[in-house]
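Throughout, read-outs are computed from the coordinates displayed, never taken from laboratory work. Everything numeric in this text was worked out from a predicted model, so none of it was measured. Neighbour counts run over all protein chains shown; Cβ positions are idealised from the backbone, glycine included.
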């Protein structure tokens, strides 16, 4: 979501580094095609992607494991803590050695778990490959989950979980996930909550690692400035002795709840001066064949600065700094959300306005000029999305996990162009909700409670109460 | 003021590593020309994707404000999107997005930057839109009022969601007594609610002159085409008298200053700021290296000691960055559970004193150089990184070419320089300490 913005000092740097890298194929062909890549599987089942990119002498390695928060069971935070702890020591390196060696070479590295997956990523200067690779191998294949390092991390995490609530914008998504999905694993808060994190031990991490970090359902993408044949040999050598364990156990599937009326969760923040809100419901799985068409419609509704939501709430009414909408697509379903915030006294005005805009999508629909503008916009912004080695590596690992291929990229512009007004009507009716909505608000309950009851069946919470 | 490690200094490292950089941008790849009205253009052709960008930097930020109009530079930035003569309210965004482009903007203490990204086939549209608003911004009363609401929401959400921001703003208000860096870019709430259209009009006339701006374009463009379009859309805009320079100099600090911020936070937050010279100072390079040694990465001094080994903090670091006038070198940390804030404060001083007494190691120096090189490559991976590098260097160092002359200055920095500079600036009398915690002690 774009905004004409004041950038807090610390964010300016991030801003400086946002951008796009270069895809050499673009010069000859104005239609964006995914650069050439190679995909192969090792004997142990590990899937590997290699893609050369020679703009700068950097290499990004990104590994994906089916080890996300949906495997947490009732121990919220387990997947996340396991991913964090991969860097806390391995067979050949202590935590300190890993950090010092990688940082001395200037490399950047991270690990983390999201709803369905865990990822390890590393970027480094290509001449350091042979120094970096043994570390990558070690943290992926032989992490030790050092107890004393984990206990320190856990202690910090417990405090940070409390501190997270000091930034309502950062936690409202967890409230929404839990309120919408209920006990379905997609509702698990990725960060965990204090009472569950408190009980997790280093040996729990090891058990979780053994169950979900296995070559058979994992992949590694290497993108950057290297020669593929040589890289292929290096990767084979690095991972061929990682023992196959059989496919990970998948927890039994729970059904996704459904609701026959609108519901609202009001989270009370007693000193709030603004209300953060999400209005949404279930969305689509990542492999939905209408994925691209849905993105075109969402661009118009809430995916760009001139989108209807931002135009109404921000540009026309001056109620907020930003309003938008989006689909977060997961493996078996996803979410659709409208997000914004406004000063406490404008809460109802802003929410009513957002609902009006959503309704307009169904009643008025989209005209030719708007559709054409959205098509141009989404096509114009498309190539830059997949231009850095990091974003390409991420894309390749997503292709693996969500089971789609480069035709998604290569046919993107064609799919966008083929949208007709008729098609927009179908897509809107099928995928954009108009009722039975889920509302989550974080704000000053004493001032807004009575007015927001009208949106649906009310549940109340206090922001300071543990969890979501 | 960009409170983070200088990206520009990473470029200084460029020539230290010439062998691997042969394919990278060189000084001679950057072309430039100046229009008759004084507006300067920098062009870097990069035809690998059919996209390009235009970055416009105006030399105006919150340092050009005074009480009563604080935050006006930022408000002005917003108003630049609200209609001009040829293209009325909303049209700037509607036309740009329909042409496949997008834009954003940001305001800092020193500059205001406008950034456009677009398929190169839409380049003339971008010039037309940008030329129109620079020549004839409308500043309609109705738009002023609705944008005031947007900014008020931005003000509220900023403080509502960031302890860091609240503490930093309180700290700066105490660290500076005279210089305009003492207020934040967003401004005081009462000023936000009371600016007048006439204030904006005056601001436009003083600062939004072609001779007070530079333009950088990187991507699928040619110098010839850019020049032709610049002459068509920007050259007719008349030059104006140069703005009066900001002459206020912050007086030397004469003793430690402390500020308390009462907020119901889970554990105390602390910031410690020392006055340091501006980016143009010869000492800036050594300070930047010092900042990296202290806080870049988990093996950095502050993180590894305070967070990992002693477990006194859950987060800790330090930052400084480019600025036109002398600025601050700031340490920050959040107490671990049940750690008294004085303990954490003293532990930060211990780390500072270790540098002053024992200096840094060869390996730490080399680590910073390796890191800067990596960051430099990251920046040069994207056409946006390139555009921002060129603009930032030109603005903060006075000449983009200096970046290619700088390696010598960088190489010259020794362990002794770093030790000396730490001793020179990290003095008790030069610091301001800010503490945010639940209740102030009686």
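Summarising the label geometry, the points placed 7 Å from Cα in the beta-carbon direction at residue B:241 and residue B:346 lie 5.8 nm from one another. The C-alpha atoms of chain B occupy a region whose extents along the principal axes are 62, 56, 37 Å, arranged from largest to smallest.
Calculated on the Cα set of the range B:331-426, radius of gyration then Dmax: 17.9, 51 Å.
A simple spin-label model places pseudo-atoms 7 Å from Cα toward Cβ; at residue A:110 and residue A:451 they are separated by 3.7 nm.
Computed from the C-beta positions of residue A:360 and residue B:280 and an R0 of 45 Å, the FRET efficiency is 0.25 to the nearest 0.05. Dividing the radius of gyration of the alpha carbons in the range B:257-437 by their Kirkwood radius gives 0.99 for Rg/Rh. By the equivalent-ellipsoid construction on the alpha carbon gyration tensor, the range A:390-433 comes out with semi-axes of 27, 14, 8 Å, ordered largest to smallest.
Report summary: the helix-based calculation at 222 nm, which adds -39500 (n - 2.57) for every DSSP H run with n ≥ 4 and divides by the residues of the protein assembly as shown, gives -12000 deg cm²/dmol. Scaling the Cα radius of gyration of the range A:263-462 by the globular reference 2.2 N^0.38 Å produces a ratio of 1.10. Computed over the range A:83-215, the Cα gyration tensor eigenvalues convert (square root of 5λ each) into semi-axes of 29, 16, 15 Å, ordered from largest to smallest. For peptide A:376-383, the mean count of partner chain Cβ atoms within 10 Å of a residue's Cβ comes to 6.
Taking a quarter of the surface of the Cα convex hull of the range B:291-362, what do you get in nm²? With every direction weighted equally, the projected area is 5.5 nm². For the range B:132-276, a Kirkwood hydrodynamic radius built from all Cα pairs, placed in the Stokes-Einstein relation at 20 °C and 1.002 mPa s, yields a translational diffusion coefficient of 110 µm²/s. Spatially, the range A:129-178 and the range B:329-350 are offset by 22 Å when compared through their Cα centroids.
The packing ranking of peptides A:430-437, A:254-261, highest mean first, is A:430-437, A:254-261, where packing means the average number of other beta carbon atoms within 10 angstrom of each residue.
Panel note: the C-alpha atoms of the range B:249-345, placed on their principal axes, show extents of 41, 32, 19 Å (largest first).
For a paramagnetic label modelled at 7 Å from the Cα of residue B:177 toward its Cβ, which residues of the range B:238-269 fall within the zone defined by backbone nitrogen distances under 14 Å? Residues passing the 14 Å test: B:249-258. By the count of other C-beta atoms within 10 Å, a proxy for reagent exposure, A:315, B:60, A:56 are ordered fewest to most as A:315, B:60, A:56.
With the convex hull of its Cα atoms as the shape, the protein assembly as shown has an orientation-averaged projected area of 34.6 nm². Using only Cα atoms, tell me the angle between helix B:284-295 and the longest principal axis of chain B; keep it within 0 to 90° and round to the nearest 10. Roughly 60 degrees between the two axes. Shielding of peptide A:96-105 by partners, expressed as the average count of other chain Cβ atoms within 10 Å per residue Cβ, is 5.
In the range A:347-414, the alpha-carbon atoms span a convex hull of 163 Å³ per residue.
Look at the stretch A:425-435: the mean tally of other chain Cβ atoms within 10 Å of its residues' Cβ atoms is 0. For the range A:263-462, DSSP calls about 60 percent of its internal beta bridges antiparallel. If you take the alpha carbon atoms of chain A and fit the smallest convex hull around them, that volume is 150 Å³ per residue. Principal semi-axes of the equivalent ellipsoid, √(5λ) from the alpha carbon gyration tensor of the range B:104-169, are 30, 18, 11 Å from largest down.
Listed by Cβ neighbour count within 10 Å, with the fewest neighbours leading, B:254, B:371, B:165 appear as B:254, B:165, B:371.
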